[in-house]
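Enquirer: Take this structure, written in structure tokens, and hold onto it; I'll ask about it next.
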Amino acid sequence: MKVALTTLGCKVNQFETETMEGLFKQRGYEVVPFEARADVYVINTCSVTSLGDRKSRQIIRRAHRENPQAIVAVCGCYAQVAPDEIKAIEGVRVVLGTKERAHIVDYVEKAMQEDGIQGTITDIMKAKTFEDIPLYDSPERTRAFLKIEDGCQNFCSYCIIPYARGPVKSRLPEHVHREAEKLVAMGFKEIVLTGIHLGAYGRDLPGDITLADACREVLSVPGLKRLRLGSLESIELSPELFALIREDERFCAHLHLPLQAGSDKVLKDMNRHYDTQEFARLIEHIEEEVPGVAISTDIIVGFPGETEEDFEQGLSFVEKMNFARMHVFPYSRRTGTPAAARKDQVDEAVKKERVHRMQALADRKAEEFHRSFIGREMRVLFETAKDGITDGLTDNYIRVYTDEAVDCGEIYKVQIDKLWRDGVWAHCVH
Ligand code: SF4
């Protein structure tokens, strides 16, 4: 039997698809590319934006067209929040949400025997434990993502995720250690810890367990070369975590801290729990504690009620920050969230124009950051090779390109020569 899997959305989803891939392999299925003809198609959906929903629907239809006899199984955030929309799409035979994926193969095999749509959507608000699916074999990448947390109860007013993923659920520290050991034994040099609300790791566990404890578990695995953290809320960074980043050179000097808006009024409306002054103070503190640290961020533009003045305040705030990389998104209206119900939605054309302006600033900031490393020596984990050029990442998240003979999955010392595409060009230092 052949199974093909695909993922939309974030790193957590990518990780979950890899674990489901392992479950199918364990049961003797052959995993084929998503474009190939398969007996089972699994689509792990995203619902963060309306574009995510649309793309999910398109991919489901494409899978059914590719092989109308195939079992099409749909899971993930979009399936969790709108199962009936998914069930209405022709060809869908299994619908699961953000839980129950540990049993996906059983549901698929039931669908092979019986008519109708199989699957179950759990009441995610009642899900209290982390769905711990051990990794079965090596994911096809050079950096390994390791999911240690699921769920969020911050309820930012624009975000559908708390409704799709439920409350915070953390992986037990000893299981984090077990999975990290496996990944290092598979040959991975870098592990990226991911979660939906990573900074909340441990809140649901007995004792005073925090993200720093999970990091220590991973760092205690012999042979690990790099540890990186996924997206975190700035206000949740602890002195313990700073100490680890500063003292263990395997800890990447890179933090992704979503700002979301550079206007205090908009931050308040978004139900974010900080203002711009507090965010700036935190960043200043991190830069003092971890010299050379790269801070990347996310910005949403065109949130309901955002005036031209609010947006310009945002631009001037971002101008003052040393962001190494920014992901700029237009606000996307998610049914069921407080922001979606607001009457003062921003016109799509205005949003588009603001994305353009914020993106131009983001590109300039990234270039400034990259330029400041020209002439410096850095260590790079190379990842992909194409047309004689190989690229990879420094520990502070600069993409480095070279035409020298380097192996993907290995770390090299390089000297940065010049700006190149979205990063820099470098040569190896032997
Ligand atoms: S912190 Fe806010 S934006 Fe992030 S997942 Fe939770 S509700 Fe969504």
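The values are calculated or read from the model by the stated rules, or taken from the named source; none is laboratory data. All values reported here derive from a predicted model rather than from experimental measurement. Here Cβ is always computed from backbone atoms with ideal geometry, including for glycine, and neighbour counts include all displayed protein chains. Note: areas computed on protein heavy atoms with side chains; ligands, DNA, RNA excluded. Shrake-Rupley method; radii C 1.70, N 1.55, O 1.52, S 1.80 Å.
Enquirer: For residue 335, are the conditions met, namely being loosely packed, with under 14 Cβ neighbours inside 10 Å, among the hydroxyl-bearing types (Ser, Thr, Tyr) and within 16 Å of the ligand (Cβ to nearest atom)?
Expert: The answer is yes for residue 335.
Enquirer: I need the helices (runs of 4 or more DSSP H) fully contained in the stretch 209-276, keeping only those with at least 2 residues that are within 16 Å of the ligand (Cβ to nearest atom) and open to solvent by 20 Å² or more (accessible area, probe 1.4 Å).
Expert: 264-269
Enquirer: Further, regarding this structure: Here is a check on your reading of the model: is residue 285 within 16 Å of the ligand (Cβ to nearest atom) and at pLDDT below 95?
Expert: Answer is no for this residue.
Enquirer: Restricting attention to the stretch 178-196, and to residues there that are of a type outside the set (S, T, N, Q) and closer than 15 Å to residue 255 by Cβ, which single residue is surrounded by the most Cβ atoms within 10 Å (Cβ to Cβ)? First the steps, then the outcome.
Expert: The initial filter retains those residues of the stretch 178-196 that are of a type outside the set (S, T, N, Q), namely 178-193, 195-196.
Then keep just the ones that are closer than 15 Å to residue 255 by Cβ; that gives 192-193, 195.
Numbers: 192: 19, 193: 25, 195: 30.
Result: 195.
Enquirer: Only one of 221, 266, 290, 301 is among the aliphatic types (A, V, I, L, M), over 22 Å from residue 198 (Cα atoms) and over 22 Å from the mean Cα position of the chain (by Cα); which?
Expert: After applying the criteria, what remains is 266.
Enquirer: Being away from the ligand (no atom under 16 Å from the Cβ), farther than 30 Å from residue 212 by Cβ and not in a loop (DSSP other than H, G, I, E, B) is the requirement here; does residue 86 meet it?
Expert: When the stated conditions are applied, residue 86 passes them.
Enquirer: Between 42, 32, 105, 94, which is surrounded by fewer than 17 Cβ atoms within 10 Å (Cβ to Cβ) and closer than 23 Å to residue 136 by Cα? First the steps, then the outcome.
Expert: Values: 42 fails: surrounded by fewer than 17 Cβ atoms within 10 Å (Cβ to Cβ); 105 fails: surrounded by fewer than 17 Cβ atoms within 10 Å (Cβ to Cβ); 94 fails: surrounded by fewer than 17 Cβ atoms within 10 Å (Cβ to Cβ).
Criteria check complete, one pass: 32.
Enquirer: Something else now. Can you name the helices (runs of 4 or more DSSP H) wholly within the stretch 101-193 that have at least 3 residues being touching a residue at least 40 places away in the same chain (Cβ under 8 Å) and within 16 Å of the ligand (Cβ to nearest atom)?
Expert: 161-165
Enquirer: Assess whether residue 148 counts as being within 23 Å of residue 219 (Cβ to Cβ), of a type in the set (A, V, I, L, M, F, W, C) and open to solvent by less than 70 Å² (accessible area, probe 1.4 Å). I'd like the intermediate steps shown before the answer.
Expert: Values: within 23 Å of residue 219 (Cβ to Cβ): yes; of a type in the set (A, V, I, L, M, F, W, C): yes; open to solvent by less than 70 Å² (accessible area, probe 1.4 Å): yes.
Yes; evaluated as a whole, the condition is true for this residue.
Enquirer: With respect to residue 204, is the statement that it is over 15 Å from the mean Cα position of the chain (by Cα), open to solvent by 10 Å² or more (accessible area, probe 1.4 Å), under 23 Å from residue 100 (Cα atoms) and at pLDDT 95 or above true? Let's see the steps before the verdict.
Expert: Working: over 15 Å from the mean Cα position of the chain (by Cα): yes; open to solvent by 10 Å² or more (accessible area, probe 1.4 Å): yes; under 23 Å from residue 100 (Cα atoms): yes; at pLDDT 95 or above: yes.
Considered against the rule, which asks whether it is over 15 Å from the mean Cα position of the chain (by Cα), open to solvent by 10 Å² or more (accessible area, probe 1.4 Å), under 23 Å from residue 100 (Cα atoms) and at pLDDT 95 or above, residue 204 comes out as yes.
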